[in-house]
Amino acid sequence: MSKSIEVQDLNVYYSDFLAVEGVSIDIEPRSVTAFIGPSGCGKSTFLRTLNRMHEVIPGGHVKGRVLIDGDDLYGPGVDPVLVRRHVGMVFQRPNPFPTMSIRENVLAGARLNNKRLSKGDGDALVEKSLQGANLWNEVKDRLDKPGGGLSGGQQQRLCIARAIAVSPDVLLMDEPCSALDPISTFAIEELISELKNEYTIVIVTHNMQQASRVSDKTAFFNIAGTGKPGKLIEYNDTSTIFTAPTVQATEDYVSGRFG
Ligand SMILES: Nc1ncnc2c1ncn2[C@@H]1O[C@H](COP(=O)(O)OP(=O)(O)O)[C@@H](O)[C@H]1O
Ligand SMILES: [Mg+2]
């Protein structure tokens, strides 16, 4: 089920270092939001706060609030492990378990939730998730072959299948196409457009064409200089960000004048 994300005045730290400052943003369910901005401005750091992955890094902590459908992710008693099941993540480099079969890769997360998954339920979930990730037709005859034997683009779709197999509410993607060729990139972009009917999707991309192709809203982050915190500069409909931004720095970035 797709859910809204509401971030209120979030500061993100690595120990004493303030990496991202004062972000407030509302993200609607069933939409794709792109995070863009120059390298080092904190896109990945901020993205990881949306499923409490940031705290896995020693010294990683936040101040402020992140509400998913109104529930504070950082509220007292909230279990970060459960949060990560509701808010899935796909990384820059496809990271399937290479020696594990395609089938078991899809089920890896789901097995953590349900240790007694029956063969029949597992088969159904594998098919549904691989269908959802637009990979089923390519792998249905080799489900017992290792995940590491797939092409890069197929591996990334396998990781998406693994992420959606646990029925998350939100899917976070950090430059999911940066290691892929153009055809695989196109396949992932098509998939994102389909997945947004069911999930709230946030994607970090350094590719402006990709942001304009896949996203409904775009958030431009920037950094004033080394050692300074990254900030959210402008957030609006993607078409507005690319054709009529309000802030000069956004205009400079989307027109390729820096970054
Ligand atoms: N594990 C870490 N420990 C300390 N600082 C980090 C770590 N990861 C990123 N940073 C710092 O946080 C800032 C934002 O980095 P990052 O989120 O990776 O930016 P982006 O994804 O926009 O390129 C940078 O100054 C970076 O050096
Ligand atoms: Mg990054």
**Message:** If you take every residue apart from Ile201 with its C-beta less than 14 Å away from the C-beta of Ile201, what net charge results, scoring Lys and Arg +1 and Asp and Glu -1?
**Reply:** -4
**Asked** Excluding ligands and nucleic acids, what accessible area in Å² is computed for Lys119 using a 1.4 Å probe, to the nearest 10?
**Response** 140
**Request:** Give, as ranges by residue number, the residues of region 203-232 whose backbone N falls under 19 Å from the point 7 Å along Cα→Cβ of Glu28.
**Result:** 203, 211-220
**Prompt:** In whole percent, how big is the carbon plus sulfur part of the accessible area of region 76-204, probe 1.4 Å, protein atoms only?
**Reply:** 53
**Fill in**
Per the helix-only model, the chain has a calculated mean residue ellipticity at 222 nm (DSSP H runs of ≥4, -39500 (n - 2.57) each, divided over all residues, rounded to the nearest 500) of -10000 deg cm²/dmol
**Complete:** Once phi for every residue in region 93-108 is put through the Karplus expression 6.51 cos²θ - 1.76 cosθ + 1.60 (θ = phi - 60°), the whole-Hz ³J(HN,Hα) values, with Gly and Pro written as x, are 9, x, 10, x, 6, x, 8, 6, 5, 4, 4, 5, 4, 4, 8, 4
**Prompt:** Which length gain, in nm to one decimal place, applies between Glu55 and Gln8 when the Cα-Cα distance is subtracted from 0.36 nm times their residue separation?
**Reply:** 15.1 nm
**Item:** GNM result for the chain, Cα springs below 10 Å: residue of Leu135, Leu18, Leu172 fluctuating most strongly
**Value:** Leu18
**Request:** Order the following by accessible area, largest value first: Phe46, Phe17. Probe radius 1.4 Å; ligands, DNA and RNA are ignored.
**Result:** Phe17, Phe46
**Request:** Taking only the C-alpha atoms, wrap a convex hull around region 84-171 and report its volume per residue in Å³ as a whole number.
**Result:** 85
**Request:** Take the alpha-carbon centre of region 96-111, take the same for region 19-45, and report the distance between them in whole Å.
**Result:** 30
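Relative to the Cα centre, what is the charge dipole magnitude of region 24-105, using +1 at the beta carbon of each Lys and Arg, -1 at the beta carbon of each Asp and Glu, and rounding to the nearest 20 debye?
Working: 10 positive and 8 negative charges, 62 e Å.
Dipole of region 24-105, to the nearest 20 debye: 300 debye.
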**Asked** For the chain, what are the per-bin percents of Cα-Cα distances with bins 5 Å wide, up to the bin holding the maximum?
**Response** 1, 6, 13, 17, 18, 16, 13, 8, 4, 2, 0, 0
**Complete:** The size of the Cβ-based charge dipole (Lys, Arg +1; Asp, Glu -1) of the chain about the Cα centre, to the nearest 20 debye, is 740
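The values are calculated or read from the model by the stated rules, or taken from the named source; none is laboratory data. These numbers come from a predicted model, not from an experiment. Every residue, glycine as well, gets a Cβ built from its backbone with ideal geometry; the counts of neighbours run over all protein chains shown. Just so you know, the surface numbers come from the protein's heavy atoms only, side chains and all, with ligands and any DNA or RNA stripped out. Shrake-Rupley method; radii C 1.70, N 1.55, O 1.52, S 1.80 Å.
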